[in-house]
Structure formats: C-alpha cells, structure tokens
Amino acid sequence: MDKLIKKVVIVGGGTAGWISAALIKKLLGGVIDIELVESEEIGRIGVGEATIPPIRYLNSALGIEEAEFIRETKATIKLAIKFDNWRVQGEHYFHTFGAAGKSLAFCSFHHYWLRSRQQGNKASLWDYDLNYLCAQSNKFAPLTSRSGESEMLYAYHFDASLYAAFLRKFSEKIGVLRTEGLINKINLNPDSGFVESLELASGIIVHGDLFIDCSGLRALLIQKVLNTGYDDWSHWLPCDRAVAVPSERFAETLPYTRAIAHKTGWQWRIPLQHRNGNGLVYSSNHCSDDEATNLLLNNLGSAALGEPNFIKFLTGRRRKQWNRNVIAIGLSSGFLEPLESTSIHLIQSAVVRLIKFFPHQGVDSAAVSEYNRQSKIEYEQIRNFIILHYYVNERNDSQFWHDMRNMEIPESLRKKIEIYRRTGSLFQEPDDLFVDSSWLQVMLGQGIEAQDYHPIANQLTNKQLHDMLENIQKSKRSLVGNFPSHDEFLTTIRGGLK
Ligand SMILES: Cc1cc2nc3c(=O)[nH]c(=O)nc-3n(C[C@H](O)[C@H](O)[C@H](O)COP(=O)(O)OP(=O)(O)OC[C@H]3O[C@@H](n4cnc5c(N)ncnc54)[C@H](O)[C@@H]3O)c2cc1C
C-alpha cells in the first residue's frame, strides 16, 4: 500500500477521458477530487462513432436521458452490423445484437434450426431474429420485457466530437475540474517511481495521487514515462491504418452499421442524423494510402463532406494497463480495430473495473495484478472474435485475404471453431463480451457449416418442430409490423424536430 488516494488526475479529454471523468465523478465525486487536463492544440482522434448495447448501462448509471442524448449527439439507433463481401464477394450477413428464436433450457435454439434445415427448411437463422427483422425493414421501437417479449438489445451511432462535448458539459456540471493546457513534463517520485505531477506549457503544475492516462495513441504516461511495453498482435490483425471521411446522409437512416470488405481491408459506413461517418481500415503492407483513399472515396455512396483524415495504429495491448499509480484507458491502453465497435465499450469496462478496485487506501499490488489479469482476458477474447471474421474467408481476389486465411490463429479460437464445426455447439468463455449468438452469427456468416446438432432437438416430432419455428417467426414478424420506421422514431424522440 502507498498513500491515500484523494485526487485523481485524468490526462486527456477524448471519449476515454470524459467517460472516465463522468463516471468516476458520478460514483465517487463526494470523496475524490477529479481534474482533467486536455490540450485543444493536440485535439482528439475524432473517430469512434459506433457502439454496442452496454453503452445504455453507462447512460443509465450517469442518469442521462435517452431523448436528450440522441438530440445532442445526433445519434441514431444501431441494431446490428451488416457484413458485406466477407466470406466471398457479393454475399452478406448480419451480426445482430439479438438472438434468433427464443431461449430454451439446455439446448440453444439454433440446434432446432439446424435440424429443420436438414428437413428442407429454407429460412435462415436470422429470419427468427427480431433485431434482423427490424434492421431489414428499417423499423425501430424500444421494446422492454414488459412488452411480453424479451428486451430488444440496441446501441447507438453518434457524432464523436458531439459525444465528447456532451460528456464534457455533463462532467463539468457535476463538478469535474477541467484544465486546458499542453503537458510538457511529467514528474515522478524518485523513491516509488509513482507519477506525482504534470507540468503544463503555461507553467501550471497539476498534482495528483492517481493518474488515468487517456492521452490516446500518444500514451504519454503509461508508455512514454513508465515504459510499460506493448504486445504486438499485428501478425493476427495486420491492418495498421485507417482513412476516414464524412459524407452526406442518405434519405433513409439505416439502423445498423455497414462493414464492407474490400480487396485489402474493409470500409465502415455509420449513419448519423446529419451525415454518414465513413472510413477504410487497411494494411499498409497490402495497400498504399492513395489506393485506400481512392477506394474509400469511390464507395461513399454520397458526396464527401471533408478532407480524408489518416490514422496509423498498431493492433495489440499495453502489457500492464495499470502500472504503479497510472491506469491507461482508451487508445493509450491498446488498440483493436473497430470491426465490432468495441473500443468505447473497453473504455466503459475499464472505468467500471477501476471503480470496483478503487484504491482509496493506496495502490495495492494484488488488486493491480487482478485488474491487469481481467483486462488482458477481455482484450484477448475480443481479439479472437475479430480474427474469426478475417480467418474464415474464401475470397480469392487478393494476397491480403489469402494471407488472412493462411495465418496461424490462437489455439483457443481454433478449438472453438472446431467444436462448432463438428458438433454445432458453442461455449462461452467466462468474461467473454460476445455471447454465443454473436459467435454463431459470424461463424455461419463466414461459412462454417456445423456437421451435427444437439440430440435434444430430436425430442420434438417433425410437426412440433415445424409449428414451433413457424410460431416464433410469425410472432416476431407481427411485432415488427407495428413498429414505426427508424426515421419516425428519431423524429418523435427529438421532439418532432426534423
Ligand atoms: C479508425 C478508427 C475508428 C474507430 N471507430 C470506433 C468505433 O466505431 N467504435 C468504437 O467504440 N471505437 C472506435 N474507435 C476507437 C475510438 O475512437 C477511441 O476508443 C475513442 O475515441 C477514445 O479515444 P481516446 O480518448 O483514448 O483518445 P483521443 O480522442 O485521441 O484523446 C486524447 C486526448 O489526450 C490529449 N492529449 C494528448 N497529449 C497531450 C498533451 N501532451 N497534453 C495535453 N493533452 C494531451 C488530447 O488533447 C486529447 O484530449 C476507432 C478508432 C480508430 C482509430
């Protein structure tokens, strides 16, 4: 144990800095002082606009009202990601936040569906998934368990700069102190090696007991000062660049993200209320910046609204996300490409974990090591899920996809694929963010065929099986039939504003 923690200093005011500030202040603000230092001269990364459903828990913990949030951040609803051209060109599949069918004790719904397919059922798994049915028909209404069906999981797309501004306003209102300034120097205690203070270009010195490094890819404290080290995962995920550009919105706002595979990477398209967010993620070993820019600009589907913005990154994670009295949160803690929109979630999850392990009596090495162990597992499991999308491909149009198909994958992922292929069964690792239905949709979408299904599915007669599947589909379709369009929902929640 070291000294009591009374003041937390957050370095950086991007999405990571302001989520950390808002949540820690909200939950510990009565006993801890928080100061956030950011530099407008350096600015934020300016991307990061698609999220996953747990963001709604964050909003609810902060007491943020959905209508205000949607209005202020120009948000739209996200029910799924549509993957185009990933297995082969010309094909697509969805990874929805929902699950097909209904939950059944002991045997997942998909085993019944796998059996029915052997008997000639032509319906896809997604035909039994409410999120998919809504996404396909561009409809949305919030559905809670009170509606008689289980809750429909959804997330948001939002404007990254409006989101940071929204959180800043929120945090300052509840008492977070913000200091503008460029950090020039970081002072360490000569005995403990702990960070003691930051020196700003203006000459101001900011003291603290615990420092959260949200300085983005610069990793100012965790790497530049503490030299923590990095596990490089680029042999599994070689994309190391992105080029991003906004474009005009489409007439209809889709309630899902597009992830469109190209010869040397993939393109995101994120529908917002006022524009689309777009970008191409690519591997600089397989594609030049000019080729990437052309590919993106030729596939926007609407007029570009700005100049292309280039970002370089290295996929992997910081060896320790908590080192001495510094916790890295956000891009300073590692990078996983945005294919499954997991980075903002990783920020949220890191802050929640820090609050659970909050070292109010001083930094405790056992707590730090448990924090680091949990963070490592979380990162590795998401990494494996992302690798799955690339590895199981049948594209023959480029060296990139050939290389992805022929790489050595982590053993735990190889086992998971093999078990599903042979038995049709999936198992969720403890602490895996992605549940079975996520793994199933991507495995199916990428073309992995299960050779068997669980024998419990044989307990039903053919007629019982047929009726069960038909009833599920009918009830979900009739529910969706009554929903408003996504745009109608957005107009209503914004208070009638077009
Ligand atoms: C191409 C791409 C697409 C992405 N898409 C998604 C997505 O769809 N969904 C998702 O969840 N995530 C996505 N992410 C990740 C997401 O953008 C980040 O997780 C998120 O924006 C958090 O960034 P940050 O706050 O860590 O860093 P930044 O936004 O870079 O903030 C860093 C802060 O540190 C400050 N700073 C740095 N150095 C100094 C200094 N010397 N003195 C003072 N201040 C300093 C800066 O001023 C800034 O305020 C994407 C990332 C990339 C690269």
I need the full set of residues from the stretch 384-399 which are out of contact with any helix residue (DSSP H, G or I) (no Cβ under 9 Å at 6 or more places or on another chain) and part of a helix (DSSP H, G or I), in order please. Gln399
Where Ser103 falls short, out of the listed (1) on the phi > 0 side of the Ramachandran plot; (2) touching a residue at least 40 places away in the same chain (Cβ under 8 Å); (3) open to solvent by 20 Å² or more (accessible area, probe 1.4 Å): (1)
Could you check the stretch 163-219 and list, in sequence order, the residues that are within 30 Å of the chain's Cα centre (by Cα), away from the ligand (no atom under 14 Å from the Cβ) and on the phi > 0 side of the Ramachandran plot? Gly175
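Looking at the stretch 233-345, what strands (runs of 3 or more DSSP E) fall wholly within it and have at least 2 residues that are among the β-branched types (Val, Ile, Thr)? Steps first, please.
On the way: elements: 241-247, 256-262, 265-271, 276-282, 309-312, 316-318, 326-328.
Qualifying strands (runs of 3 or more DSSP E): 241-247, 256-262, 326-328.
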In the stretch 287-305, is there at least one residue being among the small types (Gly, Ala, Ser) and in contact with a Cys (Cβ under 7 Å, 6 or more places away or on another chain)? no
Return yes when Ile64 is within 30 Å of Glu252 (Cα to Cα), open to solvent by 10 Å² or more (accessible area, probe 1.4 Å), touching a Leu at 6+ places or on another chain (Cβ under 9 Å) and in contact (Cβ under 8 Å) with a residue 12 or more places away in the chain and no when it is not. yes
Looking at the stretch 136-150, can you tell me whether even one residue there is open to solvent by less than 10 Å² (accessible area, probe 1.4 Å), farther than 30 Å from Leu27 by Cα and in contact with a Phe, Trp or Tyr (Cβ under 7 Å, 6 or more places away or on another chain)? yes
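Out of all the residues in the stretch 86-120, which are acidic (Asp, Glu) and modelled with pLDDT under 95? If you could, list the steps in order and put the result at the bottom.
To start, the set of residues in the stretch 86-120 that are acidic (Asp, Glu) comprises 91.
Those that are acidic (Asp, Glu) and modelled with pLDDT under 95: none in the stretch 86-120.
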With criteria (1) without any contact (Cβ under 8 Å) to a residue 40 or more places away in the chain; (2) within 30 Å of Leu272 (Cβ to Cβ), Gln459 comes up short on (2)
Among the candidates Ile387, Ile382, Ile409, single out the residue that is more than 16 Å from the ligand (Cβ to nearest atom), under 16 Å from the mean Cα position of the chain (by Cα) and closer than 25 Å to Ser284 by Cα. Ile387
What helices (runs of 4 or more DSSP H) completely inside the stretch 417-498 contain at least 3 residues that are in contact with a strand residue (DSSP E or B) (Cβ under 8 Å, 6 or more places away or on another chain) and open to solvent by less than 60 Å² (accessible area, probe 1.4 Å)? 436-445, 486-493
Would you confirm whether any residue within the stretch 59-68 is within 22 Å of Leu346 (Cα to Cα), in contact with a Gly (Cβ under 8 Å, 6 or more places away or on another chain) and away from the ligand (no atom under 16 Å from the Cβ)? no
If I go through the stretch 276-320 residue by residue, how many of them are touching a residue at least 60 places away in the same chain (Cβ under 8 Å) and either open to solvent by less than 50 Å² (accessible area, probe 1.4 Å) or under 21 Å from Ile45 (Cβ atoms) (or both)? 18
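The values are calculated or read from the model by the stated rules, or taken from the named source; none is laboratory data. Since this is a predicted model, take the numbers as computed values, not measurements. Glycine also receives a Cβ, built like all others from the backbone with ideal geometry; neighbour counts cover every protein chain displayed. For the accessible areas, the whole protein counts, side chains as well, though only heavy atoms, and no ligand, DNA or RNA atoms are used. Shrake-Rupley method; radii C 1.70, N 1.55, O 1.52, S 1.80 Å.
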